[in-house]
Amino acid sequence: MNDLPNGPITSKPLNQLTELPEKGVNPFVLMFIVIVIVTVLTYILPAGQYERIEKDGRSVVDPTSFEFVESTPVGLLEMFSSIHAGMIEGASIILFVFLFGGALGIMQATGALDSFIKFVAVRFGTKEKLLIPLMVLIFASLGTLIGSAEDALVYIAIIVPMTIALGFDALTGFAIVILGTLATGFISGITNPFNVGVAQSIAELPMYSGMGLRIALLVVFYIVTVLYIYFHAMKVKRNPELGEYGKFMREEHGQLDKNFRMSKRHSAALIILLVNFILLVYGVIKLGWYISEIGGLFLLSGIIMGLIGGLTPSKMANGFISGAGDMVSGALIIGVAQTILVIITSGGLLDTILYYAAGLVEQLPPAINAIGMFIVQLFLNFIVPSGSGQAALTMPIMAPLADLMGVTRQTAVLAFQLGDGISNMIFPTSGVLLAGLAVAGISFTKWVKWVFPYLLIQVAVAIIFLIIAQSIQYGPF
């Protein structure tokens, strides 16, 4: 069924894709080191507790209720059993990753995705520079408008081979998706329901108020992201040996057939995939879909594409198994990352850390209180990488704290969304990041080295916007 010509890019067979990159520190090793450290901290740091109250159907912290309680250090056996508990906590995302991987395996078995990649490579052969700003804009829009995060994993396996076929590398494709969706879109949160929506609700602000400054933030982050990726992509284009190709392999001798055309079967299958993405956006915005519905939609689309592509039921089943197997490392790392939060919560440290963090912000000079909030949120994201989860945990404290320090609540929300979003690009507790790296076959240490200068630029931009917000009394209040 696969009638593609030989091209300059190939990938490993699906049954070999579960291996993580050998270069750099294995992310499971990083996670285990962090797990051991936080377990030891349960014996050192005092345990504390805030009372939780129900507000608008959500459990939030009462900021006046903190008290130290009896310590509950985590034992050796409990540390290891917490890994299972972490898997349970992350089960919904883990199963989504497996389901998506299986659906993608069916789609790959039709040959339609490979055909599309070849087609785009031919069409953009002389215009590939337009691809980066266009694709970043698309993914940034998904992140800022509907809060795309976990579902960004869907696109990595499609975009990465495409960028390699155009003469770039896996880092280029991975960065287009992840930096576009998370570091540009999700962080700016124009109408993102998962960070800004939840935080503003807790802070009792009008929903999606203060949109003007967030639009300006999106524009600045978009320009920074496009330029950062573009300079790297052009460097690889000039010298392919400088590229990072992950689990994909670049062949020096292959050339694309400039007369390549997709078959009718492949074209029809790709129309189904396009309809899938349209339904996904509609379902998330209008129907409140989350990962269960998204995973089901992709599975349905994969089966329909398989039928159109002429696959037998057995071939579709084999494609599903191979595709799900491809996602093993990425799925498991999500559960291991959740273990850190399980141990910190079991040891009674979560509220203690929050209490001391809020106390540090109170001691800062008034001119930089907002920056202090940002730094606190930046580091709290290590233990609570969920945007909505961090908002529910910290905003009940940060909102009244902002009132006491003369900082507007809208600025406090801005500090939260910036701190939550920026650190997602580098913290190993971010399940989406590590799962995405596993899909692309890029090592965590390689990624951190590449993205760190970009992270520093983001921090500088964040501080500038917080200074502006504090100086104009960013509101309405």
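The values are calculated or read from the model by the stated rules, or taken from the named source; none is laboratory data. None of the values given here were measured: they were computed from a predicted structure. Using ideal geometry, Cβ is built from the backbone for each residue, glycine included, and neighbour counts are taken over all protein chains shown. Each accessible area value is taken on the protein alone, full model and side chains, heavy atoms only, with ligands, DNA and RNA left out. Shrake-Rupley method; radii C 1.70, N 1.55, O 1.52, S 1.80 Å.
Sequence gap at least 6, Cα distance under 8 Å: using those rules, report the relative contact order of segment 228-371 to the nearest whole percent.
In percent, rounded to a whole number, it is 16.
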Item to check | Residue-wise HN-Hα coupling along segment 88-93, computed from phi with Karplus coefficients 6.51, -1.76, 1.60 (Hz; x: Gly, Pro) | outcome: 5, 4, x, 4, 4, 6
Next on the checklist: Please list, ordered by chain and number, the residues whose modelled amide H lies under 5 Å from the amide H of residue 55; skip anything fewer than 5 residues away on the same chain.
Outcome noted: 60
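Filter the cross-link list 235/446; 127/235; 264/286; 237/446; 127/446 down to pairs whose alpha-carbon distance in this structure exceeds 21 Å.
Working: 235/446 17 Å; 127/235 16 Å; 264/286 33 Å; 237/446 19 Å; 127/446 28 Å.
With Cα atoms farther than 21 Å apart: 264/286; 127/446.
With a/c under 1.5 counting as rounded, go ahead and sort segment 334-472 into rounded, prolate or oblate using the C-alpha gyration tensor (a ≥ b ≥ c being the square roots of the eigenvalues; past the cut-off, prolate if a/b is larger than b/c, else oblate). Walk me through the numbers on the way to the answer.
Working: a/c = 2.56, a/b = 1.39, b/c = 1.84.
Because a/c hits 1.5 or more and a/b fails to exceed b/c, segment 334-472 counts as oblate.
How large is the Kirkwood hydrodynamic radius of segment 116-199, in angstrom, based on all distinct alpha carbon pairs?
Numbers: mean 1/r = 0.0773 Å⁻¹.
That comes to 12.9 Å for segment 116-199.
Expressed as a rounded percentage, what relative contact order does the chain have, with Cα pairs under 8 Å and six or more residues apart?
Numbers: 830 pairs, mean separation 141.2, N = 477.
Relative contact order here is 30 percent.
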Item to check | Restricting segment 185-249 to chymotrypsin sites (Phe, Trp or Tyr not before Pro) in coil, as DSSP defines it, with at most 16 other Cβ within 10 Å | outcome: 208
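Above 35 angstrom, tally the Cα pairs of the chain and express them as a % of all pairs, no decimals. Each step should come with its number before you reach the end.
Values: 37008 of 113526 pairs.
Summing the P(r) tail past 35 Å for the chain gives 33 percent.
How much length is gained on full extension from residue 71 to residue 300, taking 0.36 nm per residue of separation minus their Cα-Cα distance? Spell out each step's value before the answer.
Working: separation 229, 0.36 × 229 = 82.44 nm, distance 4.91 nm.
Here the segment from residue 71 to residue 300 would lengthen by 77.5 nm.
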Next on the checklist: Given bins 10 angstrom wide, list per bin the percent of all Cα-Cα distances in segment 77-129, short to long.
Outcome noted: 21, 23, 22, 18, 12, 4
Checklist entry - Residues with amide H under 5 Å of residue 69's amide H, sequence separation 5 or more or different chain, H placed in the peptide plane at 1.01 Å from N; which? => result 47, 48, 49
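Want the number for residue 235 to residue 137: 0.36 nm per residue separation, take away the alpha-carbon distance, what's left?
Details: separation 98, 0.36 × 98 = 35.28 nm, distance 2.15 nm.
Length gained between residue 235 and residue 137: 33.1 nm.
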Checklist entry - Just the accessible area for residue 146, please: 1.4 Å probe, Å², rounded to the nearest 10? => result 10
Item to check | Accessible area of residue 84 in the full protein assembly, 1.4 Å probe (Å², nearest 10) | outcome: 120
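Within the chain, what is the longest stretch that has no GluC sites (Glu not before Pro) placed in a DSSP loop and near at most 16 other beta-carbon atoms within 10 Å?
Numbers: sites that count: 19, 22, 51, 70, 204, 251, 252.
Of all site-free stretches, the longest is 253-477.
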Checklist entry - What shape does segment 190-312 take by its C-alpha gyration tensor, where a ≥ b ≥ c are the square roots of the eigenvalues and a/c under 1.5 counts as rounded, a/b above b/c as prolate, and the rest as oblate? => result oblate
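Calculate the dipole size of segment 125-237 relative to its Cα centre from +1 charges on Lys and Arg beta carbons and -1 charges on Asp and Glu beta carbons; express the result in debye to the nearest 20. Write out the running numbers ahead of the final one.
Details: 5 positive and 5 negative charges, 83 e Å.
Roughly 400 debye for segment 125-237.
Heavy atoms only, probe 1.4 angstrom, no DNA, RNA or ligands counted: give me 447, 289 ranked by accessible area, highest first. Display every interim value, and only then the final one.
Values: 447 0, 289 65 Å².
Descending accessible area places them as 289, 447.
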Checklist entry - At a probe radius of 1.4 Å, what is the per-residue accessible area of residue 409, in Å² to the nearest 10? => result 40
Checklist entry - With the contact rule set at Cα under 8 Å and sequence spacing of 6 or more, what percent relative contact order holds for segment 53-191? => result 23
Checklist outcome for this item: Beyond 27 Å, the calculated P(r) of segment 100-241 holds a percent of Cα-Cα pairs equal to 29
Item to check | Under Karplus coefficients 6.51, -1.76 and 1.60, residue-wise ³J(HN,Hα) of segment 460-477 in Hz, glycine/proline x | outcome: 4, 4, 4, 5, 4, 5, 5, 5, 4, 4, 6, 6, 9, 6, 3, x, x, 7
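If r is the Cβ-Cβ distance from residue 267 to residue 80 and R0 is 41 Å, what FRET efficiency results, to the nearest 0.05?
Numbers: r = 51 Å, r/R0 = 1.25.
Efficiency, from the Cβ-Cβ distance: 0.20.
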Checklist outcome for this item: Helix 387-405: inclination vs the chain longest Cα principal axis, degrees, rounded to 10, gives 40
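Would you list 247, 315 from the most to the least accessible area, probe 1.4 Å?
Numbers: 247 20, 315 120 Å².
Most to least solvent-accessible, the answer reads 315, 247.
Regarding segment 161-255, what is the average projected area of its C-alpha convex hull, in nm²?
7.2
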Item to check | Hypothetical label at residue 127: residues of segment 152-169 whose amide nitrogen lies under 19 Å (7 Å Cα-Cβ projection) | outcome: 162-168
Checklist outcome for this item: Summing -39500 (n - 2.57) over every DSSP H run of at least 4 in the chain, dividing by its residue total and rounding to the nearest 500, the 222 nm mean residue ellipticity is -21000 deg cm²/dmol
Item to check | Å² per residue, accessible surface of the chain at 1.4 Å | outcome: 41
Checklist entry - Whole-Å semi-axes of segment 393-448's equivalent ellipsoid, largest first, each the root of 5 times a Cα gyration tensor eigenvalue? => result 33, 9, 7
Checklist entry - Any idea what angle helix 431-440 forms with the longest principal axis of the chain, computed on alpha-carbon atoms, 0 to 90 degrees, nearest 10? => result 20
Next on the checklist: Computing the accessible area with a 1.4 Å probe over protein heavy atoms, can you report the carbon and sulfur percentage for the chain?
Outcome noted: 67
